[in-house]
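Asker: Take this structure first; my questions come after.
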Amino acid sequence: MKILYTLFALCVYQLASAQKLAEFQVPPHEPSETLLLSADCSTLQADPHQIKLVNKQTGESIPFQLSDQKMHWKVSGSSASQNLSYEIHKADHLDSPKKLEFKKEDGQLAIYQNQGKLLGYQMDKKAVPEGVNKAFERSGFIHPLNTPKGKRLTRIQPPDHYHHYGIWNPWTHVRYKGDTLDFWNLNKKQGTVRFSKLLKEVNGPVFSEFKVLHEHVLLIGSNEEVALNEIQTMRVTPINESSYLLDFTFEYNCATDAPFEILEYRYAGFGWRTTEEWDNQNSTVLSSEGKTRKDADGTLARWCIVQGKLGNSTGGAIMLSHPQNINHPEPLRIWPENQYGRGDMFANFAPTKTQDWTVEPGKTYTLRYRLVVFDGKATALDAEKAWKQFVKPIEINL
């Protein structure tokens, strides 16, 4: 009986070994809250949907998510500083619990975590308050943007700027077919940006992602013409109970055979109109170059922390610009401390603040940004670590 058991165990071991497809190590990294990793699965001799990722030291199966022939997973901060060994086995892929939930509600695509709303992306055109010019109506923006604890960071349609919409990204000074147009200041009735269609919706144990088509529309009397198409991808990755990542990828293509010339102007592009709770007494700005609310406007930055008081607590977001963006490090537009007397807050990465940028027909142009949304307080060290992870992700080639 003992001999038969030994032979059976040997057979099981050999069978398990035969199912191993790859083995790799991740060297120690600088400690952080959570480390994001990915591995290229394109060379595996197996269907990526029929594999499992195993921690070699513990034998534990690790939840992962497939995207573009890559597997993505997370490592806790306490383990990030250790040498980690993994194996990939051929096996039926088991669905892991999803961390986030999509809901379509009130004209929005919303993302929830633990029944709390993290953000709402506006698909329907947002109506304006009674008595306000309907030219200010638009879609294709994020509001609310909330911290993990549900503290709101954005504001829309403030009476001082009815065209401000939470997190949004129009262009202000554009030359198109010989005309100079404004897609930012909606009251001019020259152009707008609108949601066109939902292209993709993905939810998994590591991140949730959706992709939409935006149209940059030229308004000529009662006629409209789409001048620029923008495919916008937004990915939400929970980090811990007090923070998550919100990644943006903007891909621009001309909608006609005419170039879309974005002319130099002091604000345009990726903007954030913050909560009305913030003023010059309870909020702060810090850029990668050490600039604050007093002197950040017009300076260049890789990242910028905007944070402040939220009810009885604090929170905010770290804005990160990718090095492959045009005019990186990017010029900042930060409202002055005395804006409207109380110091209302607006923060903007404005790549065309100091130069023109022409989108040529037949080509694709990409901008990438990341927000680290958090409860509590962020430091320059936190921002620098986040920026390094953003620009140099840990990618394994099998």
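The values are calculated or read from the model by the stated rules, or taken from the named source; none is laboratory data. Since this is a predicted model, take the numbers as computed values, not measurements. A quick note on method: Cβ atoms are made from the backbone with ideal geometry, for glycine too, and the neighbour counts reach across all protein chains shown. The protein model used for the area step is the full one, side chains on, heavy atoms only, and it has no ligands, DNA or RNA in it. Shrake-Rupley method; radii C 1.70, N 1.55, O 1.52, S 1.80 Å.
Asker: Collect the residues in segment 148-167 that are aromatic (Phe, Trp, Tyr) and surrounded by 23 or more Cβ atoms within 10 Å (Cβ to Cβ), keeping them in residue-number order. Please lay out each step first, then the result.
Answerer: Residues of segment 148-167 that are aromatic (Phe, Trp, Tyr), as a first pass: 162, 165.
Listed by number, the list holds a single entry, Tyr165.
Asker: Can I ask one more? Considering every residue within segment 77-91, establish whether at least one is closer than 19 Å to Gly204 by Cβ, outside any strand (DSSP E or B), among the polar types (S, T, N, Q) and in contact (Cβ under 8 Å) with a residue 12 or more places away in the chain.
Answerer: Checked segment 77-91: no residue is closer than 19 Å to Gly204 by Cβ, outside any strand (DSSP E or B), among the polar types (S, T, N, Q) and in contact (Cβ under 8 Å) with a residue 12 or more places away in the chain.
Asker: Here is a further query. Taking the condition of being within 15 Å of Glu23 (Cβ to Cβ) and either open to solvent by 70 Å² or more (accessible area, probe 1.4 Å) or free of Cβ contacts under 8 Å to residues at least 12 places away in the same chain (or both), how many residues in segment 59-76 meet it?
Answerer: Here the count works out to 1.
Asker: Continuing with the same structure: Does segment 370-398 hold any residues that are of a type in the set (Val, Ile, Thr) and crowded, with 20+ Cβ neighbours inside 10 Å, and which are they? Steps first, please.
Answerer: Of the residues in segment 370-398, the ones of a type in the set (Val, Ile, Thr) are 372-373, 379, 391, 394, 396.
Listed by number, the residues that qualify are Val372, Val373.
Asker: Let me ask something else about it. Given the residues Leu181, Leu219, Leu145, which is the only one that is farther than 29 Å from Lys98 by Cα and crowded, with 18+ Cβ neighbours inside 10 Å? Can you show your working first?
Answerer: Numbers: Leu219 fails: crowded, with 18+ Cβ neighbours inside 10 Å; Leu145 fails: farther than 29 Å from Lys98 by Cα.
One residue alone meets the criteria, Leu181.
Asker: Tally the residues that are over 18 Å from Ile305 (Cα atoms), in contact with a Lys or Arg (Cβ under 8 Å, 6 or more places away or on another chain) and buried (at least 17 other Cβ atoms within 10 Å of the Cβ), restricting the search to segment 262-275.
Answerer: Matching residues across segment 262-275 total 4.
Asker: Somewhere in segment 247-255, is a residue within 16 Å of Gln113 (Cβ to Cβ), touching an Asp or Glu at 6+ places or on another chain (Cβ under 8 Å) and open to solvent by 20 Å² or more (accessible area, probe 1.4 Å)?
Answerer: For segment 247-255, residues within 16 Å of Gln113 (Cβ to Cβ), touching an Asp or Glu at 6+ places or on another chain (Cβ under 8 Å) and open to solvent by 20 Å² or more (accessible area, probe 1.4 Å): absent.
Asker: Quickly run through segment 92-130 and pick out the residues that are more than 15 Å from Gly140 (Cα to Cα) and either modelled with pLDDT under 95 or of a type in the set (S, T, N, Q) (or both).
Answerer: Correct list: Asp92, His93, Leu94, Asp95, Ser96, Pro97, Lys98, Lys99, Gln113, Asn114, Gln115.
Asker: Okay, next question. Quick one: which residue in Val206, Val202, Val212 is in contact with a Gly (Cβ under 8 Å, 6 or more places away or on another chain) and either under 30 Å from Leu66 (Cα atoms) or open to solvent by less than 10 Å² (accessible area, probe 1.4 Å) (or both)? Quick ask: steps written out before the conclusion?
Answerer: Numbers: Val206 fails: in contact with a Gly (Cβ under 8 Å, 6 or more places away or on another chain); Val202 fails: in contact with a Gly (Cβ under 8 Å, 6 or more places away or on another chain).
The match here is Val212.
Asker: From the list Glu130, Glu101, Glu137, which one is acidic (Asp, Glu), open to solvent by 30 Å² or more (accessible area, probe 1.4 Å) and under 24 Å from Leu246 (Cβ atoms)?
Answerer: Details: Glu130 fails: under 24 Å from Leu246 (Cβ atoms); Glu137 fails: under 24 Å from Leu246 (Cβ atoms).
Among Glu130, Glu101, Glu137, only Glu101 is acidic (Asp, Glu), open to solvent by 30 Å² or more (accessible area, probe 1.4 Å) and under 24 Å from Leu246 (Cβ atoms).
Asker: Could I ask something else about it? Within segment 151-170, restricting attention to residues that are part of a loop (DSSP other than H, G, I, E, B) and in contact with a Leu (Cβ under 9 Å, 6 or more places away or on another chain), which residue is nearest to Glu241 (Cα to Cα)?
Answerer: Just the residues of segment 151-170 that are part of a loop (DSSP other than H, G, I, E, B), to begin with: 151, 153, 155, 157-164, 166, 169-170.
Add one more test, that the residue is in contact with a Leu (Cβ under 9 Å, 6 or more places away or on another chain), and what stays is 151, 153, 162-163, 166, 169-170.
Values: Lys151: 13, Leu153: 17, Tyr162: 34, His163: 33, Gly166: 23, Asn169: 29, Pro170: 32 Å.
Across segment 151-170, the extreme among qualifying residues is Lys151.
Asker: I've got another one for you. Tell me, please, whether a residue that is of a type in the set (S, T, N, Q), surrounded by 23 or more Cβ atoms within 10 Å (Cβ to Cβ) and closer than 22 Å to Trp387 by Cα can be found in segment 316-339. Write out each step before concluding.
Answerer: Start the filter on segment 316-339 by keeping residues that are of a type in the set (S, T, N, Q), which leaves 321, 324-325, 327, 338-339.
Imposing the further condition that a residue be surrounded by 23 or more Cβ atoms within 10 Å (Cβ to Cβ) reduces the set to 321.
Applying the additional criterion that residues be closer than 22 Å to Trp387 by Cα yields 321.
So far as segment 316-339 goes, yes, one or more of its residues are of a type in the set (S, T, N, Q), surrounded by 23 or more Cβ atoms within 10 Å (Cβ to Cβ) and closer than 22 Å to Trp387 by Cα.
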